[in-house]
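*Asks:* Dropping a structure here in structure tokens format, bear with me for questions.
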Amino acid sequence: MEEATPMSILALQGVDPRHSPAGERLSFADPDWRGLLDERADDVALHPLSRIERRLQTLAAWIAGGTAYGWLGLYQSRRAGFELQSIRAHISHESARHRGALPDDDRRAVQSRLDRLERGLDAARLVASVG
């Protein structure tokens with residue numbers, strides 16, 4: 001018997017993983033990806049740093065909870081934790097370069113990376129609840 005993968009679980013439910021919002025989000029971010037900075041970026045509402053910090057704390061709690069409750073595997077937990085650490089480093093580095101302020105382009109990139117990480121965690125929870 002083959003091991004069940006997130007994609008095979010979606011397929012068993014009759015969901016085409018290539019066209020499913022969850023299927024698109026089953027993997028965590030590429031470590032070299034630095035956020036969405038294109039012509040659509042101006043449509044993103046910029047959040048204050050305090051809200052970004054709350055999201056960082058919330059996502060850290062989700063990662064810890066996912067590991068504790070088993071809906072995140074060890075590798076997924078490490079990847080998500082690394083991405084969170086990378087986002088924090090990005091904020092710290094760019095804030096230091098700009099005397100404590102985070103420029104709009106960097107704020108958009110951070111928000112985009114947080115959104116992507118959150119979608120990955122949501123997808124992992126979804127797959128775990130299906131299995």
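*Asks:* Which FRET efficiency, nearest 0.05, do residue 95 and residue 60 yield, Cβ-Cβ r, R0 22 Å?
*Replies:* 0.70
*Asks:* Further, regarding this structure: Below 8 Å, C-alpha to C-alpha, sequence gap of six or more: please give me the relative contact order for region 58-130 in percent.
*Replies:* So the answer I get is 36 percent.
*Asks:* At 7 Å along the Cα-to-beta-carbon direction for both residue 69 and residue 47, put a label point, then send me their distance in nm to one decimal.
*Replies:* That separation, rounded to one decimal, is 2.0 nm.
*Asks:* Now a separate question. Using a 10 Å cut-off around each Cβ, can you sort 67, 58 from fewest to most neighbouring Cβ atoms?
*Replies:* 58, 67
*Asks:* Next question. Working from the alpha-carbon coordinates of region 58-130, get Rg over Rh, Rh being the Kirkwood radius. Numbers along the way, then the final one.
*Replies:* Numbers: Rg = 13.9 Å, Rh = 13.0 Å.
On the Cα set of region 58-130, Rg over Rh gives 1.07.
Any read-out appearing in this document is the output of simple, stated calculations on the displayed coordinates, not a laboratory observation. Everything numeric in this text was worked out from a predicted model, so none of it was measured. For neighbour counting, all protein chains shown are included, and Cβ atoms are generated from backbone atoms with ideal geometry for every residue, glycine included.
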